[in-house]
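To start, the structure under review is shown below, and the notes come after it.
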Amino acid sequence: MSVSLLIISHNNIGESLINSANLMIKENPLTTKIISAVLESTSDELYENAASLINELDQGDGVLILTDLFGSTPSNIAHRLLEKENVSIVSGINLSMLIRIFNYPHLNLKEITKKAYSGGIDGIKINGVSSGDIE
């Protein structure tokens, strides 16, 4: 068993990122489901779908939920899921984050959550402007 992954994002952001990561890694080692919040989606529909997927995905090791934008509908839906056990959330999904966690599928929920966060942060770099000029 291993941690499973649920991505909740606007439109097809999650699907696009997974497809890109799969091109680089060749195979997603984590059981993964994606929910796309589209304009027609209601919060209740999204929540019910996500709650159902959490129950399906969690095989005992937990579910890491990745969302695209903190404070947005996908993020708010994810935070409602904290009522369930074995759930962890990281907002601000990016390709670097996915590649990092795909390389560490054996980690437990707490450790893979840290890897997702560090992968996302480490993938952000500033070039051409002194970091002292940006504050």
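What to note about this one:
- For beta carbons closer than 9 Å, sequence separation of 6+ or different chains, a first residue in segment 4-23 that is surrounded by 14 or more Cβ atoms within 10 Å (Cβ to Cβ) and in a helix (DSSP H, G or I) and a second that is of a type in the set (S, T, N, Q) and modelled with pLDDT under 95, the qualifying pairs are Ile18/Asn28; Ala21/Asn28; Asn22/Asn28.
- Qualifying positions in segment 94-123 - within 14 Å of Asn28 (Cβ to Cβ) and touching an Asp or Glu at 6+ places or on another chain (Cβ under 8 Å): Arg100, Tyr104
- Within segment 58-87, the only residue that satisfies the criterion of being more than 14 Å from Ile7 (Cα to Cα) and among the aliphatic types (A, V, I, L, M) is Leu82.
- Candidates Asp68, Asp58: the one that is within 24 Å of Asp122 (Cβ to Cβ) and buried (at least 16 other Cβ atoms within 10 Å of the Cβ) is Asp68.
- The residues of segment 14-35 that are of a type in the set (A, V, I, L, M, F, W, C) and touching a Leu at 6+ places or on another chain (Cβ under 9 Å), listed by number, are Leu17, Ile18, Ala21, Met24, Ile25, Leu30, Ile34, Ile35.
- Residues that are among the aliphatic types (A, V, I, L, M) and at pLDDT below 95 within segment 1-22 comprise just one, Met1.
- Per-region count, segment 97-106, residues surrounded by fewer than 18 Cβ atoms within 10 Å (Cβ to Cβ), of a type outside the set (Val, Ile, Thr) and out of contact with any Ser or Thr (no Cβ under 7 Å at 6 or more places or on another chain): 2
- Where a residue in segment 74-96 is more than 13 Å from Ile35 (Cβ to Cβ) and in contact (Cβ under 8 Å) with a residue 40 or more places away in the chain and its partner, wherever it lies, is outside any loop (DSSP other than H, G, I, E, B) and of a type outside the set (Lys, Arg), with Cβ under 7 Å and at least six apart: Asn94/Gly120; Leu95/Leu17; Leu95/Ser20; Leu95/Ala21
The values are calculated or read from the model by the stated rules, or taken from the named source; none is laboratory data. Worth saying up front: this structure is predicted, and the values here are computed from it rather than measured. Virtual Cβ from ideal backbone geometry, glycine too; neighbours counted across all protein chains shown.
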